[in-house]
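The structure appears below as structure tokens.
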Amino acid sequence: MISLIWLWLVFLPSAAGTQAGGVAGLQPAGIVKGRFEVPSGDALPVDLALELVPSPVSPKVASSKATVACEVRKETWKCTVPAGTLDLRLKAGGYAPLYVWGSRVKPLQTVELGTLKLRRGASVVGWVETEDGAVPPRPSKVELAPFEAGEPDVIAERRLRSTARETGVNERGFFQFDGVLPGQYSLKVTKSGFAPAQVGPVDVRADLEARMLDRIVLGRPIALDLVVEPPVDPYGQPWKIQLAAASPRTESFKGVASAEGKWRQDGLIPGPYHLKVLSDESTQWVLEEVEVDAHRDPLEIRIPLVEVQGKVTRGKDPLAATLWFGGVSAARKVRVDSNEAGRFHGFLPQEGPWPVQLAVEEGDVRVSLDPVEIRRLPGKRAAEVEIAVPDTTLVGEVVDEAGHPVSAAQIWANNIGKLRRGEDNRFQSDTEGKFRIRGLAPGQTAVRVEEGDRTSDWAQVALENGHESPWLRLVLRSNTDLHGRIVSASGAVAGVQILGIPELGEVGVSTGVSAVTDPSGEFVLSLPRDTRALNFLVFAPGFALKMAKAPLVPKTPLEISVETLGGGLVVELPAPGASSPTPLLVHGGTFFPVQLVAPWARLQGAAPGKAGRLVLPNVEVGSWALCIGGASALRQGKTPPPTQCTSGFLLPNGELALKAPGG
């Protein structure tokens with residue numbers, strides 16, 4: 001009788017490399033065996049699958065693999081395998097896989113692998129090589145860190161970074177992290193003499209292995225050569241350059257171009273970068289993504305210069321002011337100053353509609369104006385613009401609960417009936433706690449003040465051209481801290497950004513707050529004392545985007561659960577206009593402006609779509625609607641008319657396209 005371990009049946013691919021032409025063969029066999037060690041309190045596994053590959057083999061070359069079920073008896077196990085030198089992958093149910101490299105098995109002999117320590121949870125594995133295809137010389141370091149959805153506060157940042165883990169790369173270029181909690185992570189590989197390589201986000205699912213399909217390649221540092229045309233800014237000064245890698249947690253670079261418009265940066269990692277071209281630290285002409293690689297030609301940036309001139313008035317009087325075309329906080333912004341006669345002259349990088357913000361007082365004063373159309377008429381050297389600033393005046397004071405004046409408190413004002421896209425009106429109280437601000441849009445206006453961990457109630461006032469508002473008295477009161485936790489079916493979720501908009505009284509305006517969860521999934525939001533409910537967005541890497549509304553109970557933590565399974569949402573927006581209503585996404589009993597949800601696309605690695613089209617991967621299933629305006633009705637729990645909204649139901653793993661009404 002032939003020994004059961006002498007012959008081992010194996011399926012080999014055909015010479016053509018296809019499974020269909022495979023043949024069955026017999027090979028001499030041996031045994032591998034060992035013992036289990038599990039964490040205290042865990043049950044011993046009852047099954048074990050062994051995947052084996054002839055060794056050595058390059059991870060780039062396809063090879064014959066086979067998987068066998070092993071005999072498990074309490075804490076011991078054994079498997080019958082073909083003789084030879086093998087790479088082994090052992091997987092017990094509920095535990096991360098274990099890898100054994102180059103195990104030599106002789107016919108009719110037993111190889112003892114010793115005690116294998118099993119860990120619960122998922123694992124992350126991958127291969128590292130240099131740009132010439134070789135295994136990087138050791139030691140090479142791989143770091144696994146939580147992929148953060150937002151900028152955390154100092155404490156959350158420190159605790160999140162403390163959870164980062166490091167491992168080495170073996171002689172095959174292989175690495176593994178086991179016992180990894182579900183979520184999204186970034187991987188960074190470093191080796192002296194090479195540029196660091198970073199990939200992410202890496203999705204990790206509960207009790208599964210995240211395997212990098214593409215090898216992580218370490219390359220030599222490279223350089224980017226840049227040529228800007230025109231070689232100097234419109235005022236004859238050299239261009240200032242800023243370069244930052246698109247991947248998180250990487251170094252940024254700054255410099256000044258030469259008089260010929262040339263700039264070079266050495267020591268770069270290949271990959272995508274965000275490039276900024278500025279004429280000074282606050283005036284930004286170019287923001288675009290560029291790809292840096294070892295073989296690219298010098299990058300040429302051409303900046304069109306549109307000459308613009310005009311006059312600024314308030315009421316019937318000329319106004320000396322600082323105008324920010326694009327807005328103070330915009331990605332692309334240009335500063336132009338008007339003189340005592342209200343006249344201004346400058347340059348912009350393109351024609352078309354430009355949002356404008358106005359600064360006329362000392363301090364951080366921002367007043368949003370209606371967008372202006374920049375267009376050169378035929379035969380004209382410059383575009384002519386008349387900017388009429390509303391002749392309104394908002395007056396009042398800021399005090400604490402004892403009635404004492406509070407200086408340098410941040411005041412926000414929003415026109416209720418005309419919530420513009422990107423509107424940002426803010427200013428500060430003076431040394432006596434008073435404020436007097438001119439130029440806000442006329443109409444019903446909500447005003448609120450904040451200072452540290454104190455806020456006021458929203459006040460409502462009517463602003464009229466040519467008139468001063470009633471005197472406002474804004475009282476600062478201490479906020480209350482809302483403690484919360486983000487969880488999934490597998491437990492706490494770290495590195496999650498939660499954006500909350502408190503629901504207060506009847507004013508209908510509120511200021512958003514945000515936080516990032518720590519390793520225990522916990523967060524703290526500082527909210528006004530009279531907050532009744534919280535409308536929130538949850539950006540949880542590795543999970544579906546969540547949008548919902550929750551009532552708040554005093555001194556009761558808020559627990560929010562997230563799911564891994566979602567679907568794709570495609571939003572098609574109308575072309576923006578000077579007075580276009582704000583596009584809103586409606587879901588989960590609440591609504592948010594589309595621009596607040598848009599960062600999810602970048603966090604999910606979605607490629608930028610065409611103008612007016614937003615692709616949001618992996619969002620929560622259920623009913624979604626796109627409304628153009630209608631905030632007032634939605635705030636009252638009513639449904640806006642069909643002429644304002646389109647809606648649909650998103651299924652798991654499905655896709656829902658929402659086009660703007662009339663589109």
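The values are calculated or read from the model by the stated rules, or taken from the named source; none is laboratory data. All values derive from a computational prediction rather than experimental measurement. So basically every Cβ, Gly included, is an ideal-geometry build from the backbone, and we count neighbours across all protein chains shown.
Yes or no, residue by residue, for (1) of a type in the set (A, V, I, L, M); (2) modelled with pLDDT under 95; (3) within 18 Å of Asn535 (Cβ to Cβ):
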residue	(1), (2), (3)
Val615	yes, yes, no
Ser632	no, yes, yes
Lys638	no, yes, yes
Pro642	no, yes, no
Thr646	no, yes, no
Gly663	no, yes, no
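Evaluation of Leu596 against the conditions (1) under 22 Å from the mean Cα position of the chain (by Cα); (2) surrounded by 20 or more Cβ atoms within 10 Å (Cβ to Cβ) shows that the sole unmet condition is (2). Within segment 141-152, the set of residues being surrounded by 15 or more Cβ atoms within 10 Å (Cβ to Cβ) and either modelled with pLDDT under 90 or at positive phi (or both) comprises Ala145, Pro146, Phe147, Glu148, Ala149, Gly150, Pro152. Evaluated against (1) exposed (fewer than 14 other Cβ atoms within 10 Å of the Cβ); (2) modelled with pLDDT of 85 or more; (3) among the hydrophobic types (A, V, I, L, M, F, W, C), Val232 falls short on exactly one condition, (1).
For segment 221-249, give me each residue that is assigned to a strand (DSSP E or B) and within 24 Å of the chain's Cα centre (by Cα). Even if it seems obvious, please write down each step before you answer.
First pass over segment 221-249, keeping only residues assigned to a strand (DSSP E or B): 222-229, 232, 238, 240-245.
Answer for segment 221-249, where residues must be assigned to a strand (DSSP E or B) and within 24 Å of the chain's Cα centre (by Cα): Ile241, Gln242, Leu243, Ala244, Ala245.
None of Glu464, Glu450 is within 19 Å of Val328 (Cβ to Cβ) and in contact (Cβ under 8 Å) with a residue 60 or more places away in the chain except Glu450. Residue count for segment 555-564 under the criterion of being surrounded by fewer than 16 Cβ atoms within 10 Å (Cβ to Cβ) and in contact (Cβ under 8 Å) with a residue 12 or more places away in the chain: the result is 4.
Residues in segment 323-352 that are surrounded by 14 or more Cβ atoms within 10 Å (Cβ to Cβ) and either farther than 20 Å from Glu384 by Cβ or assigned by TED's automatic domain parsing to the domain that holds His274 (or both): Gly327, Val328, Ala330, Arg332, Lys333. Inside segment 24-62, residues that are modelled with pLDDT of 70 or more and assigned to a loop (DSSP other than H, G, I, E, B) make up a count of 10.
Determine whether Ala548 is at pLDDT 90 or above, outside any loop (DSSP other than H, G, I, E, B) and of a type in the set (Gly, Ala, Ser).
yes
Among the hydrophobic types (A, V, I, L, M, F, W, C), touching a Cys at 6+ places or on another chain (Cβ under 8 Å) and not assigned by TED's automatic domain parsing to the domain that holds Gly542: does that describe Leu616?
no
As a summary of the residue check, Gln284 satisfies the conditions (1) out of contact with any Lys or Arg (no Cβ under 6 Å at 6 or more places or on another chain); (2) buried (at least 17 other Cβ atoms within 10 Å of the Cβ) except for the one numbered (1). Hey, among the residues in segment 162-180 that are closer than 18 Å to Gly542 by Cα and not aromatic (Phe, Trp, Tyr), which one's surrounded by the most Cβ atoms within 10 Å (Cβ to Cβ)? Selected residue: Val180.
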